[in-house]
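Engineer: Provided herewith is a single structure, encoded as C-alpha cells, for subsequent inquiry.
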Amino acid sequence: MKNIKNILLAGLLVFAFGACSEDFLDTKKIGEQTEDSFYSNDAELIKAANACYAPLWEYHYNWGRTSMNNSSTDDAVDREDLQLREFTYNAGHFLFLYNYRYNYRGILIANKLIYNVEGADIPGVKDKELQKRVVAEAKYMRAYYYYDLVKMFGDVPLITVPLLKDDLTQTRESADKVFEQIEKDLLEAAADLPTKAEVADIDELGRATKGAAYGLLAKVCMTQASSGYSSQSFYDDSKWADAKKYAEEVFKLGYDLYRGDYHDIFTEEGENGIGSIFEVQFYDSPLDDGAFTNNGNFTTFLNMPWLGAADPYGRYQATYDLYMEFEDGDPRREQSLMNSLTFGEEWAYENSEGETIIPVVNEDLTGFSNYKHYLSRERYFSLGNFRNSPINERIIRLSDIYLVYAEACYHTGEEGIARTYLNYVRERARQGNDAVLPDVTVGGADLLEAIYHERRVELCGEGHRFHDLVRTGRLEQELKVNGYKVKAALTKEDDGSITVSDSGEPVFKATNLQMPKNMFFPIPQSEVDNTGGVITQNPGY
C-alpha cells in the first residue's frame, strides 16, 4: 500500500543529481551511475518518480507547512513560536527557508525527470505507458510545489528545466505566469495519470492520480478567482467557472464521502479511503531511528497533546475559538479536537507504589489538541521513534472539493447547487442524527458565510485555514479586528462528563498584522543575500 515510500532511493536521487560543474566534465568515474546513465529502464523510472515525492516526507517541510498554515491563524497556537501568531516574524525565520528550499528541491527533481524522460526514445524502457505516467507524476508534483510557493510567497522564480551552475541565479517571475505553468502542468498530467482505482490495482496507492490533478486544478482556479487577491496579477474571477469544471471532473471518478465516524478518516485504518484524493504516505520505519531522519509523519509529533517537557511533545494546540465554531451537537467537534482532561485520563499510569497517576497537562495553553493527528498511548510507545508516526497526511479530500464546488457555484449564480453540495458535507457529518446540523437553506451573503464556516470545521487542522482567510479577504478582520479566544476552562463533572466554558481570558488580537504585507510570507533572507538582491524581498519585510 505504501510502496512509493522508498525514502532511501528517493534520497539518493535527490542528492546525486546536483548541478554540473565544468571542472569535472572530462572525468568519467568508473562504475558510478550518473544522471546521463539513469532513466534507462522501467525500474529506474519508478525510482525517479518516487523521488519527486521525497520533500513531502521531510520533517522540516511538514513542520513549516503545519506552522505557516495553522498556527498563524485563529485555529491553533504554537507554544514555542509566538512570532507567527503575533505576526512579528521577519525574513530570517527558519521555517520560511525550509518551506522555500524543499519546494524547490522537489521542483529540481521533477524538472530532471521531465527533461530526461518526456518524449525520449529509451531502448531499455519496455513499458511506454509507464514512461508517460512517470512524466505525468513529475508534472503533478512540480505543479504541487509551485502552488505551495505562490500561495506562500507570491512572485517566485519559475524554473522548468534543470539549471547549470551559471544559471542558478534566477529572478522572480510574476505570479500570474507561475499559475499559468501550474495549470499547464496539471492539465497535461491529468491526461496521462491513472485513476485511483487503476493505481490501487497495482498496489501503488499514494501516487498522483487523475483525480488528484483535477482536484488541485479546482483549488488552483479557486485561488485565482478569490477576491482577497484582487490586487494581484493572477486575480481572475472568471476562474470560478474553471474551478467548477475541474471539480466536476473529480466527481466522475468514483470518490464518495466516508459514511462512518468522521475520526476514522484520520486513522491508520482510514488511509487512502473512499474520499481521499491525495495524501502523503508515511510509515513506521524502526531501522531509521534518528530524531529527524525517519519516514514518519512529523506533523503528528507536533500536534499530539502536551505533557510538559516529557513526550508526547505537542507544540500546537487548537483554540477555544475553533471549538466554539462548531455547532452544538456537531459530531466532528469531539472527533477533531481532544480536550486536555480526557487526554490526561487516557495517558494515566501506575507508579511504583501501585497508585494510578493521571498526568497533569502542564502549561496547557488552550484546553484542546488536534485529534486528527493523534496516536493512542499504546501505539505511541510501540514506535521505535516517537517522531515516527505512520499516519498519512491528508492533503485533498472529497469534502474539500465539494466545498470548493459550492463556493464556485455561489459565485457563478447557482446558489441551489451550492447549497446541495454544502449540504452533502453536512449530511455526512451528522451521521444519521437529524436533530443536528440541519440543511442550509439561506441564500446571498449568508450562504457564502455558511460555506466559509463549513470549510473551517470540516477541514480544521489540515492546513487550509491561513490560505482560506487570505484568499477571501478575511485575515485582518478575523485575527486583528475581531480577535479570537485562545483558552477554554475545562471542568470534570460528577457524572464524568467534561464541561467546556470561557476561561475569562481576554480576546487575543494580532495587532502587528498588516495588510497587504502579511498576505504573503517574506522571501527567505538567505535567498535574497545569496543572489546579491537579484531575488527581491516582498514589500514590508
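The values are calculated or read from the model by the stated rules, or taken from the named source; none is laboratory data. Bear in mind the structure is a predicted one, so any value in this text is a computation, not a measurement. Reconstructed Cβ throughout: ideal geometry from the backbone, glycine too, with neighbour counts over all protein chains shown.
Engineer: Looking at the range 250-268, is at least one residue more than 21 Å from the chain's Cα centre (by Cα), closer than 28 Å to GLN431 by Cβ and among the aromatic types (Phe, Trp, Tyr)?
Structural biologist: Initially, the range 250-268 is screened for residues more than 21 Å from the chain's Cα centre (by Cα), giving 251-254, 259-261.
Checking the rest, the ones that are also closer than 28 Å to GLN431 by Cβ come to 251-254, 259-261.
From what's left, among the aromatic types (Phe, Trp, Tyr): 251.
For the range 250-268, residues more than 21 Å from the chain's Cα centre (by Cα), closer than 28 Å to GLN431 by Cβ and among the aromatic types (Phe, Trp, Tyr): present.
Engineer: Next question, about the same structure. In the range 194-205, what residues are small (Gly, Ala, Ser) and exposed (fewer than 14 other Cβ atoms within 10 Å of the Cβ)? Steps first, please.
Structural biologist: Start the filter on the range 194-205 by keeping residues that are small (Gly, Ala, Ser), which leaves 197, 200.
ALA197 - this is the single residue of the range 194-205 that is small (Gly, Ala, Ser) and exposed (fewer than 14 other Cβ atoms within 10 Å of the Cβ).
Engineer: Right, another one. Does ASP495 satisfy the criteria of being part of a loop (DSSP other than H, G, I, E, B), farther than 20 Å from LYS219 by Cα and without any contact (Cβ under 8 Å) to a residue 60 or more places away in the chain?
Structural biologist: Details: part of a loop (DSSP other than H, G, I, E, B): yes; farther than 20 Å from LYS219 by Cα: yes; without any contact (Cβ under 8 Å) to a residue 60 or more places away in the chain: yes.
Against the criterion (part of a loop (DSSP other than H, G, I, E, B), farther than 20 Å from LYS219 by Cα and without any contact (Cβ under 8 Å) to a residue 60 or more places away in the chain), ASP495 qualifies.
Engineer: Still on this model: Does at least one position in the range 429-451 carry a residue that is under 27 Å from GLU268 (Cβ atoms), out of contact with any Gly (no Cβ under 9 Å at 6 or more places or on another chain) and of a type in the set (S, T, N, Q)?
Structural biologist: no
Engineer: In addition: Within the range 220-243, can you find the residues that are of a type in the set (A, V, I, L, M) and more than 22 Å from the chain's Cα centre (by Cα)? Before the answer, list the steps.
Structural biologist: Start the filter on the range 220-243 by keeping residues that are of a type in the set (A, V, I, L, M), which leaves 220, 222, 225, 241, 243.
Of everything in the range 220-243, just one residue is of a type in the set (A, V, I, L, M) and more than 22 Å from the chain's Cα centre (by Cα), namely ALA241.
Conditions (1) surrounded by fewer than 22 Cβ atoms within 10 Å (Cβ to Cβ); (2) touching a residue at least 40 places away in the same chain (Cβ under 8 Å), marked per residue:
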site: LEU113; (1), (2): no, yes
site: GLU129; (1), (2): yes, no
site: TYR144; (1), (2): no, yes
site: LEU158; (1), (2): yes, no
site: GLN170; (1), (2): yes, yes
site: LYS184; (1), (2): yes, no
site: ALA189; (1), (2): no, yes
site: ASP192; (1), (2): yes, yes
site: ARG207; (1), (2): no, yes
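Engineer: Return the residues of the range 416-426 that are surrounded by fewer than 16 Cβ atoms within 10 Å (Cβ to Cβ) and either within 19 Å of GLY329 (Cα to Cα) or among the aliphatic types (A, V, I, L, M) (or both); say none if nothing qualifies. Quick ask: steps written out before the conclusion?
Structural biologist: So the first thing to find is which residues in the range 416-426 are surrounded by fewer than 16 Cβ atoms within 10 Å (Cβ to Cβ), and the list is 416.
The answer is none; no residue qualifies.
Engineer: Assuming GLU449 fulfils every condition listed in (1) at pLDDT 95 or above; (2) among the charged types (D, E, K, R); (3) in contact with a strand residue (DSSP E or B) (Cβ under 9 Å, 6 or more places away or on another chain) apart from one, which condition is it?
Structural biologist: (3)
Engineer: Starting from the range 433-461, take each residue that is under 22 Å from SER72 (Cβ atoms) and without any contact (Cβ under 8 Å) to a residue 24 or more places away in the chain and list its partners that are buried (at least 18 other Cβ atoms within 10 Å of the Cβ) and of a type outside the set (Lys, Arg), counting only C-beta distances under 7 angstrom and pairs at least six apart or across chains.
Structural biologist: TYR452/THR472
Engineer: Restricting attention to the range 34-50, does a residue exist that is more than 24 Å from ILE122 (Cβ to Cβ) and either of a type in the set (A, V, I, L, M, F, W, C) or modelled with pLDDT under 90 (or both)?
Structural biologist: no
Engineer: Kindly establish whether ILE395 is aliphatic (A, V, I, L, M), surrounded by 22 or more Cβ atoms within 10 Å (Cβ to Cβ) and either closer than 26 Å to TYR323 by Cβ or at pLDDT 95 or above (or both). Before you say what the answer is, go through the steps one by one.
Structural biologist: Numbers: aliphatic (A, V, I, L, M): yes; surrounded by 22 or more Cβ atoms within 10 Å (Cβ to Cβ): no; either closer than 26 Å to TYR323 by Cβ or at pLDDT 95 or above (or both): yes.
Considered against the rule, which asks whether it is aliphatic (A, V, I, L, M), surrounded by 22 or more Cβ atoms within 10 Å (Cβ to Cβ) and either closer than 26 Å to TYR323 by Cβ or at pLDDT 95 or above (or both), ILE395 comes out as no.
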